[in-house]
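So the structure is just underneath, and the comments pick up after that.
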Amino acid sequence: MGLVHPPGGLAAQIVSVLGERGQTLATAESLTGGLLGAAVTAVPGASIVYRGGVIAYATELKAVLLGVPEDLLARHGPIHPGVAAAMATGACARLGATWGLATTGVAGPDPADGFPPGTVHIAAGAGSSATRSLALAGDRDRIRRETVDQALRLLLDLLREDAL
């Protein structure tokens, strides 16, 4: 029902589906710095499904606030699909949500940790997390906005699969 033709964009579709199911969402953001949470909360009625978000920009905060394993961060750094998955899982656990959605990567303009701008990892899930690794092009603003769009698409894809 909510997946067929809900009004609005990706965030509106997600809010609609989660609302119909009585499920909730939490976000964990690094490079997007709150844009993901802002996209969700721009939707009227989002307060019914959105529990909140953690902006863990600094690497150590990914461990402290979201429970990302310190050994994972030490081995791979913050720009890794496993880190995105752990952030999504941590957001669910720490914020008491059904679904978690996370972003980590390099927005630019300069490389970080040996990765070029546009290297992004996103994750979404309820319990375990599905990840996608992206190689985005454009300036800092475009990379951050495209990351939000891709993260919302990932979550919507998972919600569709979960309905089957």
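The values are calculated or read from the model by the stated rules, or taken from the named source; none is laboratory data. Everything numeric here is computed off the predicted structure, so don't read it as measured data. Please note: Cβ atoms are built from the backbone with ideal geometry, for glycine as well, and neighbour counts cover all protein chains shown.
What the table below lists for this structure:
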| item | result |
| --- | --- |
| Pair list, Cβ < 6 Å and 6+ apart or interchain, from region 108-135 residues that are crowded, with 16+ Cβ neighbours inside 10 Å to residues that are of a type in the set (Phe, Trp, Tyr) and in a strand (DSSP E or B) | 126/99 |
| Every residue from region 26-49 that is over 29 Å from residue 139 (Cα atoms) and surrounded by 15 or more Cβ atoms within 10 Å (Cβ to Cβ) | 46, 49 |
| Identity of the residue in region 63-107, within 25 Å of residue 21 (Cα to Cα), of a type in the set (Val, Ile, Thr) and crowded, with 21+ Cβ neighbours inside 10 Å, that ends up farthest from the chain's Cα centre (by Cα) | 89 |
| Hits in region 128-164 (condition: of a type in the set (Gly, Ala, Ser) and closer than 23 Å to residue 59 by Cα) | 128, 129, 130, 133, 135, 151 |
| Any chance residue 59 is buried (at least 20 other Cβ atoms within 10 Å of the Cβ) and in contact with a helix residue (DSSP H, G or I) (Cβ under 9 Å, 6 or more places away or on another chain) | no |
| Checklist (1) within 19 Å of residue 150 (Cβ to Cβ); (2) free of Cβ contacts under 8 Å to residues at least 40 places away in the same chain; (3) out of contact with any Leu (no Cβ under 7 Å at 6 or more places or on another chain); (4) among the β-branched types (Val, Ile, Thr) applied to residue 79, failing item | (2) |
| Residue 23 vs. criteria in a loop (DSSP other than H, G, I, E, B), farther than 16 Å from residue 136 by Cβ and not charged (D, E, K, R) | yes |
| Only one of 8, 22 that is surrounded by fewer than 14 Cβ atoms within 10 Å (Cβ to Cβ) and modelled with pLDDT of 95 or more | 22 |
| Region 147-164, residues that are crowded, with 17+ Cβ neighbours inside 10 Å and more than 12 Å from the chain's Cα centre (by Cα) | 158, 159 |
| Within region 69-164, helices (runs of 4 or more DSSP H) holding 3 or more residues that are of a type in the set (Val, Ile, Thr) and in contact with a strand residue (DSSP E or B) (Cβ under 8 Å, 6 or more places away or on another chain) | 140-163 |
| Total residues in region 36-65, condition in a helix (DSSP H, G or I) and either touching a Ser or Thr at 6+ places or on another chain (Cβ under 8 Å) or polar (S, T, N, Q) (or both) | 7 |
